[in-house]
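Novice: Please see the structure below; I have some questions.
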Amino acid sequence: TNVEIEVPIFTVSVAGLPALSQKDNPAQFHRGEFAASLESVKEYLRPYEHIHFYQGLFPSTAEPVKHTAFSLVHIDVDLYTSTLDCLTFFYPRMTRGGCIIDHDYQVADGARQAIDEFFEDKPEIVMEPYATGQAVIVKV
């Protein structure tokens with residue numbers, strides 16, 4: 001059976017990274033870094049179907065998917081507050097057995113701190129696949 005899955009892509013695009021918090025390392029990132037036009041992001045992902053783009057600072061752009069259940073969430077936002085915002089929004093919407101992957105866990109101080117703090121009172125284990133820089137969390 002062929003199943004079509006809609007893929008929401010949340011991107012700040014034009015603005016790049018938002019302001020850093022005191023929990024982020026300014027030697028690693030700066031405000032406005034990674035800015036790109038929405039058109040360039042769409043062009044990069046053009047070969048893929050069923051993608052919906054939501055431009056703006058997350059979670060203010062999440063309203064259209066607030067009643068959606070997720071089985072896979074890939075977070076690549078680099079910063080403490082942005083990571084915490086993603087976890088706060090997506091974690092309660094994750095299906096049992098669903099995976100959250102954070103691209104920056106082993107390389108971005110703020111992202112790591114946000115994840116460690118968020119999951120310290122939850123049953124999930126934060127796994128660190130060797131040499132990937134990422135974290136993987138499976139919802140129990």
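The values are calculated or read from the model by the stated rules, or taken from the named source; none is laboratory data. Since we're looking at a predicted model, the values are computed, not measured. When we count neighbours, we look across all protein chains shown, and the Cβ atoms used for this are built from the backbone with ideal geometry, even at glycine. Heavy atoms of the whole protein, side chains included, go into the accessibility calculation; ligands, DNA and RNA do not. Shrake-Rupley method; radii C 1.70, N 1.55, O 1.52, S 1.80 Å.
Novice: Using Cα-only point scatterers and the Debye equation, what is log10 of I(q)/I(0) for region 15-85 at each q in 0.14, 0.21, 0.22, 0.26 Å⁻¹, rounded to two decimals?
Specialist: Log10 of I(q)/I(0), two decimals: -0.55, -1.12, -1.19, -1.35.
Novice: Rank these residues by their accessible area, most exposed first, probe 1.4 Å: TYR130, TYR91.
Specialist: TYR130, TYR91
Novice: What shape does region 22-129 take by its C-alpha gyration tensor, where a ≥ b ≥ c are the square roots of the eigenvalues and a/c under 1.5 counts as rounded, a/b above b/c as prolate, and the rest as oblate?
Specialist: On the way: a/c = 1.75, a/b = 1.12, b/c = 1.56.
Oblate, since a/c reaches 1.5 and b/c is not below a/b.
Novice: Also, I was wondering about something else. Starting from the Cα of LYS42, draw a straight line to each of the aspartates and glutamates and keep only those under 13 Å, dropping any in the same chain fewer than 8 residues away.
Specialist: Candidates past the 8-residue exclusion: nothing left.
Novice: Quick check on the chain: helices-only [θ] at 222 nm, where DSSP H runs of length 4 and up contribute -39,500 (n - 2.57) each and the sum goes over total residues. Nearest 500, please.
Specialist: Value at 222 nm, helices only: -6000 deg cm²/dmol.
Novice: Rounded to the nearest 0.05, what FRET efficiency is calculated for GLU6 and ALA27 with R0 set to 41 Å and r the Cβ-Cβ distance?
Specialist: With a Förster radius of 41 Å, E is 0.60.
Novice: Another question about this same structure. Leaving ligands and nucleic acids out of the surface, order MET94, MET127 by accessible area at 1.4 Å, largest first.
Specialist: If we order MET94, MET127 from most to least accessible, we get MET127, MET94.
Novice: Further, regarding this structure: Just going by the charge dipole of the chain, with Lys and Arg at +1 and Asp and Glu at -1 on Cβ, which of SER71, LEU57, PRO129 is farthest out on the positive end?
Specialist: The Cα lying farthest towards the positive end belongs to SER71.
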